[in-house]
Amino acid sequence: MPDLTIGPKVRHPLHLHDKKLKELEAVAMRIREDVIDMLVEAGSGHSAGPLGMADIFAALYFHVMEHDPKDPDWEDRDRLILSNGHTCPVRYAAMAEAGYFPKKYLMTLRKLGSPLQGHPERTKLPGVETTSGPLGSGSSQAVGLAYAALLDKKPWRVYCMMSDGELDAGQTWEAMLFAGRNKLYNCTFIIDRNNIQIDGNTESIMPLEPLPEKFAAFGLHVERCAGNSIPDIIRAIERAHSITEQPTVIIADTIPGYGVPYMEYDFAWHGKPPKAGEESRGAIEALRTLGGRIMSEHE
């Protein structure tokens, strides 16, 4: 076995102050609005997951990850793997917000010839690390990248976004075995624990709990956070950075369709877009205050 004991790179502090928090919350709101506009224009795509994950992507792209939109292939960039590739509208919206490409491109989602396909394609869009598709494969791609970074003594980290539904795939657990066995401390898995998948609620289809104990048994350090609370997300990631002997999995409890009351918790919105007109207008109006929640948090 190769020597992987190079020690983690010291990361920049992730502490939040009130001004930065409000900036990140505003970014998350713009990402959600863009997701709605993209889906309406495309006439197809997934709503619940992207809306629920917007806070995580705002935290990653605008506070946590070391990356450069002007130089997407920068050698020491952190790698973000989107294993649940069907939720790509949230990634595209975050990337456009960060400056990887003009926002007007978002309206080409799922259109013929567009670099913004229904699953990310590595060769079509700079800044996308892997091509997503079969659920479960992203975790294997992530551990391969993390292992390569340690072999090459590179400082960058790997963040792997995953859905809870894809934990039904056996390949996921093979990747966890590999990550735990090789102590891939530079790899952080973030599970979108929204409790839904295309056919219904996860615990009805294939019960997953107790998830923390399962991941721990595979040799991972486990964190759990409120996935729609940016401070809680960042605290969990900061704790992950402090672990030097294990990979970390963060179980992020999110609300599917977060911010749009008629979508929240409803698995029917896993794989369909809002319709143009009353549905989309209602969604945007609700998102402007997340049903009053943003205002109440900062009164």
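For segment 236-251, a tally of residues being hydroxyl-bearing (S, T, Y) and more than 18 Å from the chain's Cα centre (by Cα) returns 2.
Residues that are buried (at least 16 other Cβ atoms within 10 Å of the Cβ) and β-branched (V, I, T) were ranked within segment 195-221; the one that is farthest from D18 (Cα to Cα) is T202.
This table checks each residue for (1) touching a residue at least 12 places away in the same chain (Cβ under 8 Å); (2) over 22 Å from A59 (Cβ atoms).
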position	(1), (2)
A94	yes, no
A98	yes, no
F101	yes, no
M107	yes, yes
S114	no, yes
H119	yes, yes
E129	yes, no
L135	yes, yes
S140	yes, yes
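If you go through segment 258-271 and pick out every residue that is surrounded by 15 or more Cβ atoms within 10 Å (Cβ to Cβ) and either out of contact with any strand residue (DSSP E or B) (no Cβ under 9 Å at 6 or more places or on another chain) or among the hydrophobic types (A, V, I, L, M, F, W, C) (or both), you end up with 8. Kindly evaluate A169 against the criterion of being farther than 30 Å from A276 by Cα, touching a Gly at 6+ places or on another chain (Cβ under 7 Å) and free of Cβ contacts under 8 Å to residues at least 40 places away in the same chain. Judged against the criteria, A169 is a match. The strands (runs of 3 or more DSSP E) located wholly in segment 145-254 that include 3 or more residues which are more than 26 Å from E75 (Cα to Cα) and in contact with a Lys or Arg (Cβ under 9 Å, 6 or more places away or on another chain) occupy 221-226, 248-253.
Considering every residue within segment 182-194, establish whether at least one is surrounded by 18 or more Cβ atoms within 10 Å (Cβ to Cβ), more than 16 Å from N84 (Cβ to Cβ) and of a type in the set (S, T, Y). Looking through segment 182-194, at least one residue is surrounded by 18 or more Cβ atoms within 10 Å (Cβ to Cβ), more than 16 Å from N84 (Cβ to Cβ) and of a type in the set (S, T, Y). Selection of segment 72-125 for residues being of a type in the set (K, R), in contact with a Phe, Trp or Tyr (Cβ under 7 Å, 6 or more places away or on another chain) and either modelled with pLDDT under 95 or not in a loop (DSSP other than H, G, I, E, B) (or both) yields R79, R91.
When R91 is tested against (1) under 20 Å from R30 (Cβ atoms); (2) touching a Ser or Thr at 6+ places or on another chain (Cβ under 9 Å); (3) crowded, with 20+ Cβ neighbours inside 10 Å, just one condition goes unmet, and that condition is (2). Residues in segment 16-62 that are polar (S, T, N, Q) and crowded, with 24+ Cβ neighbours inside 10 Å: S47 alone.
The values are calculated or read from the model by the stated rules, or taken from the named source; none is laboratory data. Remember, it's a predicted structure, so these values are computed and weren't measured experimentally. Cβ atoms come from the backbone with ideal geometry, glycine included; neighbour counts cover every protein chain shown.
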